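Reviewing the structure listed below.
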Amino acid sequence: MEFRDLKRQYQIHKEAIDRGIQEVIDSTHFISGGQVAQLEEKLAQYVGVKHCVACANGTDALQLALMAWEVTAGDAVFVPDFTFFSSGEVVPLVGAVPVFVDIDADTYNIDCESLEKAIEYVIHHTDLRPRVIVAVNLFGQPADFNKIREIAAKYDMLVLEDAAQGFGGMIGKEKACSFGDIATTSFFPAKPLGCYGDGGAIFTDDDAWTERLRSLHVHGKGGDKYDNVRIGMNSRLDTLQAAVLLEKMNFFEEEVEKCNQAAAKYTERLQSIVKTPVVLDGMRSSWAQYTICLKDAKEREKVMEQLKKDGIPSAVYYKKPMHLQKAFAEGLAEAVSCVRTEDICGRCVSLPMHPYLQDAEIEAVCESIERAVL
Ligand SMILES: *Cc1c(COP(=O)(O)O)cnc(C)c1O
């Protein structure tokens, strides 16, 4: 069994994907080929925002957003304590200070009460200026953007939506990547919309920020790439990756629906024996991960051992809270306590999840977990 079965997806859609790749090779427009602009338009339309700028990966996308806002030394950026390293890594990269915030124990997304406490702490106990809230759509479910936007307005801050795991998620009829002032995603192969290498994208309705992003991701270009008006990066999406993504967009909605069906089956089978994921009313997850929580670290170990014995892959996202990462040791480690993150890091585990998961496979995973916990 595969944790995320990219081989089955390719086998089913091989002809179309191969055709897209071959067209790029025939054209030899490997950088900035027509497919990149085509993809940007298609993505912006799907999400329902004015602009999309494709770039090299989801980490660069976050950094470029902070650069476009000129976030820098003296600025505080608030980041959930439970997320992939990138969400916080980009903050010191632009010279600002990350402040880690505890999560909601049901959704695993940033907790708004802890967020306000952390902002108040920074205002009253540091010389830093609260500038940006990074809200991550962890495991595919959008964060509580209605509340987050209220808090951002109250403190005159910007919202950066990290939808690396959340592309395809929804709140009501609105799509993920439309909730932040700027939103970013990743096309890393195992993400909900993955390409065949690294890739990323940035979304916004703002014209001026878009102009700056288009400059920043190509060496701070002005009129052209040899006229440089600011310090930027080399962060473009390859044409080959754009071609793969253009084909994958044709069946992406269907894939998200299939993941939701698989998740519903898992939850129905498992909810009485372990803590299953909570998707709030009106939200749609894109199921980057299906993550359960066990009673404690010992029970998790038992479950993971049993799964392994039964030939089923599993993974822990994430083992370590951000504020305990050595790389952030010099930061404002704990402006607020992050006990819920510490607790969940110790007993969560993610199960195989992808659109091509078969009922018999779901059943095998559930039986294996039952063997371990009952
Ligand atoms: C994967 C991921 C990123 C980074 O994306 P890359 O394309 O790997 O650079 C950022 N944030 C979150 C939450 C992620 O899961």
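With a cut-off of at most 13 other beta carbons within 10 Å, and DSSP calling the residue loop, which chymotrypsin sites (Phe, Trp or Tyr not before Pro) in the stretch 210-301 qualify? Please list them.
On the way: sites: Tyr226, Phe251, Phe252, Tyr266, Trp287, Tyr290; in loops: Tyr226, Phe251, Trp287.
Passing both the DSSP loop test and the Cβ count: Tyr226.
Given the options His125, His51, His354, state which has the largest fluctuation in a GNM of the chain using a 10 Å cut-off (strictly under) for Cα springs.
His125
Could you give the radius of gyration (one decimal) and Dmax (whole number) of the Cα atoms in the stretch 195-319, in Å?
Radius of gyration, then largest Cα-Cα span, for the stretch 195-319: 21.4, 62 Å.
Cβ under 11 Å from Asp296's Cβ, Asp296 left aside: what net charge do those residues give with Lys, Arg +1 and Asp, Glu -1? Intermediate values should be presented prior to the final figure.
Working: positive: Lys295, Lys298, Arg300, Lys302, Arg347; negative: Glu299, Glu301, Asp343.
Within the 11 Å Cβ shell, the charges total +2.
Go ahead and set up a Gaussian network model of the chain, Cα springs under 10 Å, then flag whichever of Gln325, Gln241, Gln63 fluctuates most.
Of Gln325, Gln241, Gln63, the most mobile in the Gaussian network model is Gln325.
Just Ala262, Ala152, Ala360 to compare: in a GNM of the chain, with alpha carbon springs under 10 Å, which one fluctuates most?
Largest GNM mean-square fluctuation: Ala360.
Using C-alpha positions alone, give me the convex hull volume of the stretch 252-373 per residue in cubic angstrom.
Numbers: hull volume 17.0 nm³, N = 122.
Enclosed volume per residue, from the Cα hull, is 140 Å³.
Tell me, what ³J(HN,Hα) does each residue in the stretch 156-162 have, in order and in whole Hz, if you take phi through Karplus 6.51 cos²θ - 1.76 cosθ + 1.60 with θ = phi - 60° and put x for Gly and Pro?
The phi angles translate into 6, 10, 9, 10, 9, 8, 8 Hz.
Once the Cα atoms of the chain are picked out, what are the Rg and Dmax in Å?
Rg, Dmax (Cα atoms, Å): 20.6, 66.
Which GluC sites (Glu not before Pro) from the stretch 327-367 combine a DSSP loop assignment with at most 11 other Cβ atoms within 10 Å?
Glu330
For a 24 Å ceiling on Cα separation, which of these pairs sit above it: Lys248/Lys320; Lys275/Lys302; Lys298/Lys320? Don't jump to the answer; show the numbers that get you there.
On the way: Lys248/Lys320 33 Å; Lys275/Lys302 16 Å; Lys298/Lys320 16 Å.
Pairs exceeding 24 Å: Lys248/Lys320.
Which entries in the list Lys42/Lys326; Lys42/Lys147; Lys175/Lys309; Lys42/Lys221; Lys147/Lys309 go over 32 Å, if you measure between the two C-alpha atoms of each?
Numbers: Lys42/Lys326 40 Å; Lys42/Lys147 29 Å; Lys175/Lys309 39 Å; Lys42/Lys221 25 Å; Lys147/Lys309 44 Å.
Result: Lys42/Lys326; Lys175/Lys309; Lys147/Lys309 exceed 32 Å.
Quickly estimate the mean residue ellipticity at 222 nm for the chain, helices only: each DSSP H run with n ≥ 4 gives -39500 (n - 2.57), and the total goes over all residues, rounded to 500. It would help to have the intermediate numbers written out before the result.
Details: 12 runs with 154 residues, N = 374.
Mean residue ellipticity, 222 nm, calculated: -13000 deg cm²/dmol.
Excluding His124 itself, calculate the net charge of residues whose Cβ lies under 14 Å from the Cβ of His124, where each Lys or Arg counts +1 and each Asp or Glu counts -1.
Residues close to His124 contribute a combined charge of -1.
Could you pull out the GluC sites (Glu not before Pro) across the stretch 66-148 that fall in loop regions by DSSP (anything but H, G, I, E, B) with no more than 12 other Cβ atoms inside 10 Å?
Values: sites: Glu70, Glu89, Glu113, Glu116, Glu120; in loops: Glu70.
Answer in residue order: Glu70.
Only the coordinates and a few stated rules stand behind these numbers; no lab work does. Just so it is clear, the structure is predicted and the values come from calculations on it, not from any experiment. Don't worry about glycine lacking a Cβ; one is built from the backbone with ideal geometry, like all the others, and counts go over all protein chains shown.
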